[in-house]
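Encoded as structure tokens, the structure appears first; notes follow it.
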């Protein structure tokens, strides 16, 4: 592009506009700065020097001098809560909630922060009251989630079911799946009080909420067996194969016990053999191993474990194989086998555990509700060694 003489007039114009804008910005900045209390700058200085306690005290002075510093109120309240100074956080947020000049959105924010303070302090009843007041607000979903945690801690399962449904309606969460477990908890409570009919009703509701809920089927079978309805118990447990066959090892021992009461252990063993062929499992093999060794002897138990070990090699399986051999040996050779078995057993103690899929917590027994992270249905019914083999 060719240079034109008129362009010389443009440069001074742009320069003058930039100078004017800068003067205006600086003037506004000086005006705003002069309006801020000296304590505000003292607080910033303390923060830069990593003197948090002095910074907090300085900012508190700012709040006293200028009550309109809303953001500073919220920042201080959150900081107090994180530092464990919950009483100060409560006072800060309660002051905001009670202010008449605060708009609705800010009041909702203050109320939600106040509820978090109460939760931190363990004041669950006050937290519940604050959270319930947030229904229909911008914080409704977070409020429902916190209420669900409260009701689970308090074991108020009916309220948990109700709030879980509301939460699921809001964002399509897995509240329905949790609902089934809440009904199972209600059923467990009724069984403690010797109310099997009420427990059965709760479990039927659980299966309506989640037709594949294994725990509900297991508990229904347990109730039937306790009432001497042995065949009904067996039929109920067998439906687990249709729900999720991975959970069959959890009812294997129950099934054998039921068949013993019918004086028909052979049918039970045959059923378990079929399951083991279709759904290999270390726990299922262990139950079957015990039944076969008692019924058919050490040699039959040995063949069972050997064949399964060839199909699915594992240290837990090898331990069972050595246990089967020990039933037949005596003397020095038995002592040697016991030594090898003990070495393997020490190793399998670390790999023969259940693991939470959410937090990784390991346990020797199976849980429906993780004791570490409180997640529901986060354990797979397989030992950690099996999980490694499947990966």
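In this structure, is residue 181 within 23 Å of the chain's Cα centre (by Cα), in contact (Cβ under 8 Å) with a residue 40 or more places away in the chain and buried (at least 18 other Cβ atoms within 10 Å of the Cβ)? Yes. Taken together, 199, 233 contain a single residue that is modelled with pLDDT of 95 or more and either under 28 Å from the mean Cα position of the chain (by Cα) or surrounded by fewer than 21 Cβ atoms within 10 Å (Cβ to Cβ) (or both), which is 199. If you go through region 258-287 and pick out every residue that is assigned to a helix (DSSP H, G or I) and within 33 Å of the chain's Cα centre (by Cα), you end up with 10.
Residue 232 passes every criterion in (1) under 30 Å from residue 313 (Cβ atoms); (2) free of Cβ contacts under 8 Å to residues at least 12 places away in the same chain; (3) touching a helix residue (DSSP H, G or I) at 6+ places or on another chain (Cβ under 6 Å) apart from (1). I'd like to check something: does region 136-143 contain any residue that is surrounded by fewer than 16 Cβ atoms within 10 Å (Cβ to Cβ), modelled with pLDDT under 95 and not in a helix (DSSP H, G or I)? The answer is yes, given that some residue of region 136-143 is surrounded by fewer than 16 Cβ atoms within 10 Å (Cβ to Cβ), modelled with pLDDT under 95 and not in a helix (DSSP H, G or I).
Residue selection: residue 367 fails the criterion of being modelled with pLDDT under 70 and part of a loop (DSSP other than H, G, I, E, B). Checking each residue of region 239-249 against the condition of being crowded, with 17+ Cβ neighbours inside 10 Å, assigned to a helix (DSSP H, G or I), at pLDDT below 95 and touching a helix residue (DSSP H, G or I) at 6+ places or on another chain (Cβ under 8 Å) gives at least one match. Every condition in (1) in contact (Cβ under 8 Å) with a residue 24 or more places away in the chain; (2) within 30 Å of residue 80 (Cα to Cα); (3) assigned to a helix (DSSP H, G or I); (4) more than 22 Å from the chain's Cα centre (by Cα) holds for residue 167 except the one numbered (4).
The values are calculated or read from the model by the stated rules, or taken from the named source; none is laboratory data. This structure is a prediction, so every number in the text was calculated from the model and none was measured. Every residue, glycine as well, gets a Cβ built from its backbone with ideal geometry; the counts of neighbours run over all protein chains shown.
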